[in-house]
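Taking it in order: structure first as structure tokens, then the write-up.
The values are calculated or read from the model by the stated rules, or taken from the named source; none is laboratory data. Small disclaimer: the values here were computed from a predicted structure and weren't measured. Virtual Cβ from ideal backbone geometry, glycine too; neighbours counted across all protein chains shown.
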Amino acid sequence: MLLPWWIMKRKAFIQQSTLWAGGLLVSPHIIHTENEMTSNKSIPTNLPYVISTWNVPFATKITGDALNKGVEALDAAVLGVAYEEANLQNTTVGNGGSPDRDGEVTLDACVMNHEGNCGAVMAVQNITHVAALAKDVMEKTPHVILAGEGAKKFALEQGYQAENLLSEKSKKEWEKWLEKGNYNPKINIENHDTIGMLCSDQNGNLSGVCTTSGLAYKMKGRVGDSPVIGSGLYIDNAIGGAVATGLGEEVIKTVGSFLIVELMRQGKTPQEACEEAVSRILEKQKGKPDFQVAYLATNKKGEIGSYSIHSGFSYTIYKNDLNQNIASKAMY
């Protein structure tokens, strides 16, 4: 079968990027970190832009370049996150993701476009590009969600290639974990996790993607917030969009991304909405929590907000051919 168009484009990009990847990652005029910048930023609304959780300059550049060429927001976002889904060094997304406690890698993803249409896949094995698969669910089926074997069967019917997603790196880390086998479902608070991406295209339309391999060493069948519309991702093209990262169980309890968009509808800025969403989680906790949750949001004005429980969360913005990684404000 022919490979989907986005895989062919991603392969072409990766082949090209091998010539200049080192320069992209270290060149100060391309990657610029502003640790002292506040999270509530305003950007020109007449320009396309992309924001993503964590420091993912390759993904945001791919997406931003596509937006600059007139690609619609959702198509651009799916193309960008595909890079991280194929990145074996990223153990929280796609191929090479951390497995469940049985040593099996299962992936989750969802997408939502400016028309309010959405698609999601849950607990998918052997398929790397689950964000694109979620988009196919949205566009090619009468459903919103496909899970497990059904999602995999649909992917193979669409021409996706089955792959072993357990990399040697993730396998060794899982085998080391097996020595003690202590199940401690905490999300890291350091520097990486679920990829949540929001885009505004040249027409000013907003779309978003969320993709993940979920909690490392989770119970088989566990699904977090990432593929749950309203929790891991929510878009209202008249208002704005939001994405979440961190311990999905806590995000689901407050339907965090939907909450943020509704707070923006009521007049709050993206920053105020993200802070309120984190407060809704914390008010149910006794003392300082030992898990991380972080939110990233934008509104139709082009304002951006981010907030997390613990410090260490950051987001990447790409506009005007420039990547910036910005440290988020945090409660602790």
Search region 158-179 for residues that are surrounded by 15 or more Cβ atoms within 10 Å (Cβ to Cβ) and aromatic (F, W, Y) and pair each with any residue that is assigned to a helix (DSSP H, G or I) and at pLDDT 95 or above when their beta-carbon atoms are under 9 Å apart and the residues are at least 6 apart or on different chains. Y160/A132; Y160/L133; Y160/D136; Y160/K152; Y160/F154
Members of region 269-303 found to be surrounded by fewer than 18 Cβ atoms within 10 Å (Cβ to Cβ) and under 17 Å from C199 (Cα atoms), listed by number: K300, K301
Does T128 satisfy the condition of being in contact (Cβ under 8 Å) with a residue 12 or more places away in the chain, under 29 Å from T298 (Cα atoms), assigned to a loop (DSSP other than H, G, I, E, B) and over 14 Å from the mean Cα position of the chain (by Cα)? yes
Restricting to region 70-91, what's the tally of residues that are modelled with pLDDT of 95 or more, of a type in the set (V, I, T) and outside any helix (DSSP H, G or I)? 1
May I ask you to say which residue of A109, A120 is part of a strand (DSSP E or B) and within 17 Å of E163 (Cβ to Cβ)? A109
In region 226-240, the residues that are more than 16 Å from G119 (Cβ to Cβ) and either out of contact with any strand residue (DSSP E or B) (no Cβ under 9 Å at 6 or more places or on another chain) or buried (at least 24 other Cβ atoms within 10 Å of the Cβ) (or both): A238, G240
For L166, indicate whether it is among the aliphatic types (A, V, I, L, M), at pLDDT 95 or above and over 20 Å from A134 (Cα atoms). yes
Conditions (1) more than 26 Å from V293 (Cβ to Cβ); (2) in contact (Cβ under 8 Å) with a residue 60 or more places away in the chain -> G214 fails only (1)
Tell me, yes or no, whether region 226-237 has at least one residue that is over 18 Å from the mean Cα position of the chain (by Cα) and not in a loop (DSSP other than H, G, I, E, B). no
Could you grab me the full set of residues in region 47-74 that are in contact with a helix residue (DSSP H, G or I) (Cβ under 7 Å, 6 or more places away or on another chain) and over 23 Å from A294 (Cβ atoms)? P48, A66, L67
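Results for (1) modelled with pLDDT of 95 or more; (2) in a helix (DSSP H, G or I); (3) surrounded by fewer than 24 Cβ atoms within 10 Å (Cβ to Cβ); (4) at negative phi, shown as yes or no for each residue.
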{"position": "N188", "(1), (2), (3), (4)": "no, no, yes, yes"}
{"position": "N191", "(1), (2), (3), (4)": "no, no, yes, yes"}
{"position": "M197", "(1), (2), (3), (4)": "yes, no, no, yes"}
{"position": "G221", "(1), (2), (3), (4)": "yes, no, yes, no"}
{"position": "A242", "(1), (2), (3), (4)": "yes, no, no, yes"}
{"position": "T245", "(1), (2), (3), (4)": "yes, no, no, yes"}
{"position": "L259", "(1), (2), (3), (4)": "yes, yes, yes, yes"}
{"position": "G267", "(1), (2), (3), (4)": "yes, no, yes, no"}
Just need a number here: residues in region 312-332 that are part of a loop (DSSP other than H, G, I, E, B) and either crowded, with 20+ Cβ neighbours inside 10 Å or at pLDDT below 95 (or both). 5
Could you say which residue among D100, D108 is surrounded by 15 or more Cβ atoms within 10 Å (Cβ to Cβ) and over 30 Å from N323 (Cβ atoms)? D100
Expected output for region 237-249 (first residue in contact (Cβ under 8 Å) with a residue 60 or more places away in the chain, partner basic (K, R), Cβ below 8 Å, 6+ apart or cross-chain) is N237/K300; A238/K300; I239/R265; I239/K300; G240/K300; L247/K186
Filtered residues of region 229-264 (kept if touching a helix residue (DSSP H, G or I) at 6+ places or on another chain (Cβ under 9 Å) and of a type in the set (D, E, K, R)): D236, E250, K253, E262
I304 fails exactly one of the following numbered conditions: (1) in contact (Cβ under 8 Å) with a residue 12 or more places away in the chain; (2) over 18 Å from L259 (Cβ atoms). What is the number of that condition? (2)
